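Okay, so here's the structure we're looking at.
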Amino acid sequence: MATFKDATVEGFNTLIGLWNHGDAFRNCGDHGGCFWMAGNLFHTAVESMRRAELQKDTYGIGNEALAYFHECVPDTTDPRHWREKYGFWVDDYAWWGIAFFRAYFASDQLHYDPSMKAKFALNAKNCWEALNACWNDTSIKWKKGRKSYTITGGIPNTLDNVTLAGRNCVTNECYWYLSALLGTEFGSHYLDPKANVNDFFLEAKTQSILFDGLGLVYERFLGLRNTDHSDWTWVGDQGLFAISCYSNRQGSPGVFDRNQAIASIKAVQTNRKTASGVLHEDLAPYSDYRLDYACGKGTLMRYLAYINDSYHHLDPRGKYYDVYISLNAKALWKNRHGGIFPYYWDAELPEPALECWGGYRQDTTSAVLHAAGLSALNAALPWFNDQPID
């Protein structure tokens, strides 16, 4: 009978095969999402190795991730001009920056040498610089119905005139969290008061355009979009917003703090679930971006794990989110297909066909979906290590 740790290690080995030295995310043609998806998978792999207490990266994914990143972004000297130089959406650097920081954080455990550890740190810092350089001090004004709104600051994910362009929440949440990580480890330079995401979100909260009626963060502030889905909420935003609030070092107490993090998680548990309580999310309403948003449940679980770990260390007697995490991990383990984790963890709906994922290849799609599921297994460790998962 498999234990949670057995399942995680098996899932991790499958992930390494799907990664295929980074080839799952190479030669993607017009699908620019492959760059950030690779960073997200690397983050998942680091967490699997760390949380399953593997003592060394014998798989070489650390070196391969660095090589992949620098194939896409060769310039290590001028990150503040990466946006115009390489054309990737800005939040891509945030996903990579957080992944690099987590690799830096795990370097001693995974026996990366000092040179590798320094490379991880440098790349995380460079990604922050790329984001910080894109902060926009201008104000945006818009109307929804009879009401007018104004937002100042924030980072647009792209300046191109395309669907989902603009100052969405995920770009700014990732920057907010990366700022907290780097600011704690490397100093106040990374807590730039002139690019304070806390104030950006506070302005939206004050105008009642940050949360929907269920307490979920909008994918971007209500009405601030060039699409027809102004009330859309994405599960990944809830996880990123929760960890940003939990780690917040740029706001005053009592607003975006641990209490808000708990409230955001509760909103997901209450409103985004199957009949058995497992995390559920419909496909994104934009066919071209469905695979990008398919990581949402995994993102929620990744950051819920960090919060759950923190509470365990504060009070080892508590259980906190253990039951919820294990429920999700058991479901996706039970419903895996050929060893690969599904999109619908509870098998509550038929699995989407490959054609649903916007033209991405099967290997890319499988890698993204599997990484999302593996984050739920990662979250269950170390609190369920030797307990049976079957």
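When residues in the stretch 158-174 are screened for being under 15 Å from the mean Cα position of the chain (by Cα), more than 16 Å from residue 211 (Cβ to Cβ) and not β-branched (Val, Ile, Thr), 1 of them pass.
Conditions tested, residue by residue: (1) touching a Pro at 6+ places or on another chain (Cβ under 8 Å); (2) closer than 18 Å to residue 155 by Cα; (3) part of a loop (DSSP other than H, G, I, E, B).
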site: 222; (1), (2), (3): no, yes, yes
site: 230; (1), (2), (3): no, no, yes
site: 238; (1), (2), (3): no, no, no
site: 241; (1), (2), (3): no, yes, no
site: 244; (1), (2), (3): no, yes, no
site: 249; (1), (2), (3): no, no, yes
site: 254; (1), (2), (3): no, no, yes
site: 259; (1), (2), (3): no, no, no
site: 262; (1), (2), (3): no, no, no
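The numbered conditions (1) surrounded by fewer than 17 Cβ atoms within 10 Å (Cβ to Cβ); (2) modelled with pLDDT of 95 or more; (3) not in a helix (DSSP H, G or I) are all true for residue 284 except (1). Residues that are closer than 14 Å to residue 170 by Cβ and not in a helix (DSSP H, G or I) within the stretch 288-317 comprise 294, 295, listed in sequence order. The lone criterion from (1) modelled with pLDDT under 95; (2) surrounded by 21 or more Cβ atoms within 10 Å (Cβ to Cβ); (3) closer than 27 Å to residue 123 by Cα left unmet by residue 159 is number (2).
Only residues that are touching a residue at least 40 places away in the same chain (Cβ under 8 Å) and either hydrophobic (A, V, I, L, M, F, W, C) or under 21 Å from residue 183 (Cβ atoms) (or both) were counted in the stretch 106-119, giving 4.
Within the stretch 191-220, the set of residues being aromatic (Phe, Trp, Tyr) and either without any contact (Cβ under 8 Å) to a residue 24 or more places away in the chain or not in a helix (DSSP H, G or I) (or both) comprises 211, 218. Only residues that are at pLDDT below 80 and buried (at least 23 other Cβ atoms within 10 Å of the Cβ) were counted in the stretch 221-248, giving 0. Scanning the stretch 138-157 for residues that are in contact with a helix residue (DSSP H, G or I) (Cβ under 7 Å, 6 or more places away or on another chain) and either assigned to a strand (DSSP E or B) or of a type in the set (Val, Ile, Thr) (or both) yields 151, 152, 155. Contact map, the stretch 177-190: residues that are within 14 Å of residue 132 (Cβ to Cβ) paired with residues that are outside any helix (DSSP H, G or I) and among the charged types (D, E, K, R), Cβ distance under 7 Å, separation 6+ or inter-chain. Pairs shown: 180/249; 183/249.
Scan the stretch 1-16 for residues that are surrounded by 15 or more Cβ atoms within 10 Å (Cβ to Cβ) and not charged (D, E, K, R) and jot them down.
Of everything in the stretch 1-16, those that are surrounded by 15 or more Cβ atoms within 10 Å (Cβ to Cβ) and not charged (D, E, K, R) turn out to be 3, 4, 7, 8, 9, 11, 12, 14, 15, 16.
In the set (1) exposed (fewer than 15 other Cβ atoms within 10 Å of the Cβ); (2) over 26 Å from residue 39 (Cβ atoms), the condition left unmet by residue 382 is number (2).
Checking the structure you have, find out if any residue of the stretch 346-361 is part of a loop (DSSP other than H, G, I, E, B), under 15 Å from residue 294 (Cβ atoms) and hydrophobic (A, V, I, L, M, F, W, C). Yes, there is a match, as at least one residue in the stretch 346-361 is part of a loop (DSSP other than H, G, I, E, B), under 15 Å from residue 294 (Cβ atoms) and hydrophobic (A, V, I, L, M, F, W, C).
For the stretch 65-134, list the helices (runs of 4 or more DSSP H) that sit wholly inside it and hold at least 3 residues that are surrounded by 24 or more Cβ atoms within 10 Å (Cβ to Cβ); which are they?
It comes to 90-105, 114-132.
The values are calculated or read from the model by the stated rules, or taken from the named source; none is laboratory data. All figures in this text were calculated on a predicted structure; none of them were measured in a lab. Ideal geometry is used to build each Cβ from the backbone, glycine not excepted, and the neighbour counts take in all protein chains shown.
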